[in-house]
Amino acid sequence: MARYTGPKTKIARKFGEAIFGEDKNFEKRNFPPGQHGAAKRRGKKSEYATQLMEKQKAKYTYGILERQFSNLFKKAQAAQGITGEILLQLCESRLDNVVYRMGISPSRSGARQLVSHRHITVNGEIVNIPSFRLKEGDVVAVREKSKSLQAIESSLIASSNTVYEWLTWNADKKEGTFVKVPERLQIPENIKEQLIVELYSK
């Protein structure tokens with residue numbers, strides 16, 4: 001399965017946000033990468049550069065490569081509604097993202113690994129495709145044999161205070177329900193989706 005495996009702190013510094021989750025190295029050096037940081041870059045960014053950077057931020061945030069992201073955009077464009085909002089909703093509906101949102105893993109990359117290694121079930125069936133798109137009412141759970149995994153236990157304890165309105169979670173059963181597709185206001189990611197739409201529309 002293709003995925004980004006490069007230096008994450010460097011990418012986070014590029015965008016000025018810890019887009020991969022908690023990062024102690026980013027907190028120490030939260031300025032752009034390069035010999036002179038922000039001072040090295042002069043002049044205003046072009047419209048295209050701003051739009052491209054926003055697309056890259058969204059791709060890195062959700063851990064989606066270019067072809068997958070382009071396909072998601074086409075689906076969003078073909079659907080009725082606001083294209084940018086639908087694009088983010090499609091990203092949020094991915095199984096790896098929901099596993100992360102439910103607190104089963106502390107990061108989306110960790111969530112992808114749990115899904116790929118067959119630790120997660122959807123409606124009682126093992127699903128090992130991170131990009132699997134969930135529908136309203138789908139039940140996501142930790143596989144019975146995997147419930148005692150220390151990594152999952154630690155993540156659930158750390159995220160016990162995080163609640164998303166479009167998800168429910170049963171700590172005893174280690175399962176949750178994808179209640180509905182989140183509205184744009186409910187999605188916490190700092191992404192300017194309209195810039196992505198403008199980029200793809202050129």
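The single residue among 175, 144 that is surrounded by fewer than 16 Cβ atoms within 10 Å (Cβ to Cβ), at pLDDT 95 or above, farther than 26 Å from residue 70 by Cβ and not assigned by TED's automatic domain parsing to the domain that holds residue 86 turns out to be 144. Based on this model, can you work out whether residue 159 counts as hydroxyl-bearing (Ser, Thr, Tyr), surrounded by 18 or more Cβ atoms within 10 Å (Cβ to Cβ) and touching a residue at least 24 places away in the same chain (Cβ under 8 Å)? Here the answer is no, as residue 159 does not meet what is asked. Scan the range 68-82 and tell me whether some residue there is modelled with pLDDT of 95 or more, among the small types (Gly, Ala, Ser), closer than 20 Å to residue 192 by Cβ and surrounded by 15 or more Cβ atoms within 10 Å (Cβ to Cβ). Yes, that holds for at least one residue. Scanning the range 100-113 for residues that are surrounded by fewer than 24 Cβ atoms within 10 Å (Cβ to Cβ), part of a loop (DSSP other than H, G, I, E, B) and over 10 Å from the mean Cα position of the chain (by Cα) yields 103, 106.
The condition (being touching a Ser or Thr at 6+ places or on another chain (Cβ under 8 Å), modelled with pLDDT under 95 and among the small types (Gly, Ala, Ser)) is satisfied by just one residue among 43, 63: 63. Residue pairs whose Cβ atoms lie under 7 Å apart, sitting 6 or more positions apart in sequence or on different chains, and linking a residue in the range 114-135 that is under 20 Å from residue 173 (Cα atoms) to a partner that is of a type in the set (Phe, Trp, Tyr), are 122/132; 134/178. For the range 73-95, filtered to residues that are touching a strand residue (DSSP E or B) at 6+ places or on another chain (Cβ under 9 Å) and not in a loop (DSSP other than H, G, I, E, B), the residue that is farthest from residue 56 (Cα to Cα) is 95.
Results for (1) touching a Leu at 6+ places or on another chain (Cβ under 8 Å); (2) outside any loop (DSSP other than H, G, I, E, B), shown as yes or no for each residue.
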position	(1), (2)
98	yes, yes
115	yes, yes
118	no, no
141	no, yes
160	no, no
173	no, no
176	yes, yes
191	yes, no
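The values are calculated or read from the model by the stated rules, or taken from the named source; none is laboratory data. Values in this document were obtained by computation on a predicted structure and should not be read as measured data. With ideal geometry, Cβ positions are generated from the backbone for all residues, glycine too; neighbour counts draw on all protein chains shown.
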